[in-house]
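First up is the structure itself, then whatever we jot down about it.
Derivation of every value follows stated rules applied to the coordinates shown; laboratory data play no part. Owing to the predicted nature of the structure, the values given are computational and were not obtained by experimental measurement. Heads up, the Cβs are rebuilt from the backbone with ideal geometry, glycines too, and the neighbour counts pull from every protein chain shown.
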Amino acid sequence: MRFVTAVLAACIALPVHAQTAAPQTEKVTVTGTRSREVLDKFVNALTTTSRMTGKVARWEDGVCPVTVGLKQKFAGFISQRVRSLAKEVGAPVNDKKDCKPNIEIVFTTTPQALVDGIRKQNDSFLGYADNDSQREALAKVTRPIQAWYLTATKDLRGNTLVDSSRTPPTEITVPDPYHNPPFLTVYTKQGAMSVTGGRLGDGLHTAFYHAIIVAEPAKLLDEEVGTLADYIALLSLTQLNSLDTCQSLPSIANLLARDCAPVKELTDNDRAYLKGLYGMGRDRNGPIQRDQISQAMQQLLGNE
């Protein structure tokens, strides 16, 4: 089963059995790979923290993924994979059919043009930047599948401040040949922050507000749709620090990194990481959050 590229206006042909989960790959257990030291290394390599709070972001509002640029049955398969994984690891899910998308997965033959258009409309959707040089770097497409995250800081009273050094994000549009008209995303910026002043937890936490994941089919010819769905699902639920270096434990995050051992599906390590992420204290400081994720992984995986 192979991914076949085509222009966006045409359908992207997928295998007849693409709507089933990818075949199980052989699992190899290496003695000692789940020691606390290795788990800490894995967590520290994967996690990235918010520029505003120094804390790890996760979804607090129900995820509502939409996949565009594919025929509906294939787009639906990928979106459903995101929902299924979210439920499995304890992330909130919006099950309403008419929910406003907050995870937009776009398959396009012109990814840079798409991102350039988003930057022109409102570059806050590409992530936090302090200056034009950082904004330019954020807007560069460098990977076959790439993700951009808009985060927000929330306080004790539920006040929300979108993480942007510019004016508040208003709306952007993303073209899609299979939907008319293109969908809109609207966000506002409001309120002042209320904090506790505690050293270990100050009452502030970071939440995802929006994610854009862009995939270029021509560079994914060797990958099965089930594998791509797993990889995109991971990117949908967490912002990873590095996708171009080999992780210390088997992980789908290694999929597109050069010279890594091939991993073609979500691993137990990936699932344990996400469960730890969605079980950590949301207002703890960054090091404590990482420690809580590692501890959860140790309990879920066992210490070999």
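Ordering of 99-105, 48-54, 254-260 by packing is 99-105, 48-54, 254-260, highest average first (other Cβ atoms within 10 Å, averaged per residue). You can think of it this way: the chain between Arg258 and Leu221 has 11.7 nm of extra reach, that is 0.36 nm per residue less the Cα-Cα gap. Only aspartates and glutamates eight or more places from Lys154 in sequence, or on another chain, were considered; those with a Cα closer than 14 Å are Glu60, Asp61, Asp163, Asp202, Asp283. Here Asp268 and Asp61 are evaluated by their C-beta separation; at R0 = 25 Å the FRET efficiency comes out at 0.35. Here the gap between Arg36 and Asn131, fully extended at 0.36 nm per residue and compared with their Cα-Cα distance, gives a gain of 30.3 nm.
When the listed pairs Lys87/Lys219; Lys73/Lys97; Lys73/Lys264; Lys87/Lys275; Lys41/Lys140; Lys140/Lys219 are checked against a 18 Å cut-off, the alpha-carbon distance exceeds it for Lys87/Lys219; Lys73/Lys264; Lys41/Lys140. The Val141 and Leu300 beta-carbon pair, evaluated with R₀ = 35 Å, returns a calculated FRET efficiency of approximately 0.50.
Site pair Lys97 and Ser84 shows an inter-label distance of 2.1 nm when each label is modelled 7 Å from Cα along Cα→Cβ.
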